[in-house]
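Take a look at the structure set out below.
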Amino acid sequence: MRVGYKTTEVGVIPEDWEVRPLSAVADIRGGIAKNANTTISDPISVHYLRVANVQDGFLSLGEMSRIELSRGDLLRYKVQPGDVLMNEGGDLDKLGRGAIWRGEFDPCVHQNHVFVVRCKADLLPEYLNIWTATSPVRRFFLVAGKQTTNLASISKSSLGELPVALPSLSEQRAIAAALSDIDALLAGLDRLIAKKRDLKQAAMQQLLTGQTRLPGFQGEWVVKSLGDLCSLKSGQAITAENIDDHSPYRCFGGNGLRGRTRSYTHEGAYALVGRQGALCGNVVGVEGKFFASEHALVVIARPAVSIAWLAFVLGRMNLNQYSESSAQPGLSAAKLLLLSVPTPPSAAEQAAIAAVLSDMDAELTALEARRAKTRALKQAMMQELLTGRTRLV
């Protein structure tokens, strides 16, 4: 035990921190229940927050419902800026997820499955919203939540017992500010990734249809059948005896990467199409030595056809729409080979298009890796700051 720290029900924290139940530092309010048979006097129609609107750390307000209630009940159920919203029910791992209401709609009320937690003087809403994402709190909800067949719920009294590690207001404010900065960075990365994805989709639409030509290329595009561009062959059956986590060769099938095998079926550059299973119709480019299972179609490019370009073409074609109805959807290689594909007149133009789109993919991959590292950094910061291991004040 470090000097200046103590053991509590939420773990080791600084001696000058307190642990208090949520009911002691905030008012917890239940919401209004929708009842079509209730007679409403002096009705008013207002926006209505539901469980679907309250996500883990943010609000989803694209689809807001409305409800009629009496004007006399409006003040009782009205949500105020700074209120922390917590879900009373839902999946057990999402129970108690919350977000801060900033007054996006006024007036607005909340349903009975969404608690409003209104902080008192010793607790900042921003700090409480961060605290609810910590491991001790998630464990609390897992234990306190009452599980039914499909859903879980927590009562107002049980929520009031939620332990809150309480630094001083100045330290709460500093912790919230530090984590708010990294949240802003994550939000910026999310926006940039979304923009880059949109740009890639637009580039694919232009480049893979010939609407936009890359500099230096001329000649008419022609429409060919997929069978003119490649052959499609099923992979091989796989057994438990030849797959494990330590074998050298990747194994691909309809459900994606399934493990590693002791032998390989292909070597070189190919595209793979998921033939059956959850990823039916998904396309991935593969290079090197690998094993293709019977749940994958191996795309073998014909001479003077760029396999990298063809992989982008197939990925854009939404091949799952051609799956045949059965107990488990599946793709017919013979039918896929009849599909029409707008084709550049030269393999050089195909390769140039693939290079542009591959560069865009590489940029997206780098941004997604940066976002993953930033999220990991946020988790590490939360572990340090919300246990008091690192002090900002």
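Of the residues D190, D198, the single one that is in a helix (DSSP H, G or I), open to solvent by 60 Å² or more (accessible area, probe 1.4 Å) and within 30 Å of L364 (Cβ to Cβ) is D198. The set of residues in the range 370-393 being under 15 Å from G4 (Cβ atoms) and open to solvent by less than 80 Å² (accessible area, probe 1.4 Å) consists of T387, G388, T390. Within the range 53-60, is there a residue that is open to solvent by 20 Å² or more (accessible area, probe 1.4 Å), over 20 Å from A176 (Cα atoms) and within 25 Å of the chain's Cα centre (by Cα)? Within the range 53-60, one or more residues are open to solvent by 20 Å² or more (accessible area, probe 1.4 Å), over 20 Å from A176 (Cα atoms) and within 25 Å of the chain's Cα centre (by Cα). The set of residues from the range 2-25 being among the charged types (D, E, K, R), open to solvent by less than 70 Å² (accessible area, probe 1.4 Å) and within 21 Å of T390 (Cβ to Cβ) comprises just one member, K6. Taking the listed residues A133, A121, A177, the one that is out of contact with any Gly (no Cβ under 6 Å at 6 or more places or on another chain), aliphatic (A, V, I, L, M) and not in a loop (DSSP other than H, G, I, E, B) is A177, with no other qualifying.
Just one of the listed residues (V116, V109) is of a type in the set (V, I, T), open to solvent by less than 10 Å² (accessible area, probe 1.4 Å) and over 17 Å from S158 (Cα atoms), and it is V109. Candidates L85, L75: the one that is part of a helix (DSSP H, G or I) and either of a type in the set (A, V, I, L, M) or out of contact with any Leu (no Cβ under 9 Å at 6 or more places or on another chain) (or both) is L75. Whenever a residue of the range 174-201 is at negative phi, its partners that are surrounded by fewer than 12 Cβ atoms within 10 Å (Cβ to Cβ) and outside any helix (DSSP H, G or I), lying with C-beta atoms within less than 6 angstrom and at least six residues away or across chains, give the pairs A174/V393. Taking the range 265-359 as the region of interest, the strands (runs of 3 or more DSSP E) fully inside it that hold 3 or more residues being more than 29 Å from G219 (Cα to Cα) are 266-274, 283-292, 296-301. If I filter the range 61-78 down to residues being among the basic types (K, R) and touching a strand residue (DSSP E or B) at 6+ places or on another chain (Cβ under 7 Å), which single residue comes out as least open to solvent (accessible area, probe 1.4 Å)? The selected residue is K78. Among the residues making up the range 203-225, those that are part of a helix (DSSP H, G or I) and either open to solvent by 50 Å² or more (accessible area, probe 1.4 Å) or in contact with an Asp or Glu (Cβ under 6 Å, 6 or more places away or on another chain) (or both) are Q205, Q206. Figure legend. Inter-residue proximity from the range 148-168: first residues more than 10 Å from E88 (Cα to Cα), second residues of a type in the set (S, T, Y) and not in a loop (DSSP other than H, G, I, E, B), beta-carbon distance below 7 Å, spacing 6+ or different chains. Indicated pairs: G160/S23.
The values are calculated or read from the model by the stated rules, or taken from the named source; none is laboratory data. Everything numeric in this text was worked out from a predicted model, so none of it was measured. Every residue, glycine as well, gets a Cβ built from its backbone with ideal geometry; the counts of neighbours run over all protein chains shown. Remember, those area values only see protein heavy atoms, side chains included, never the ligands or the DNA or RNA. Shrake-Rupley method; radii C 1.70, N 1.55, O 1.52, S 1.80 Å.
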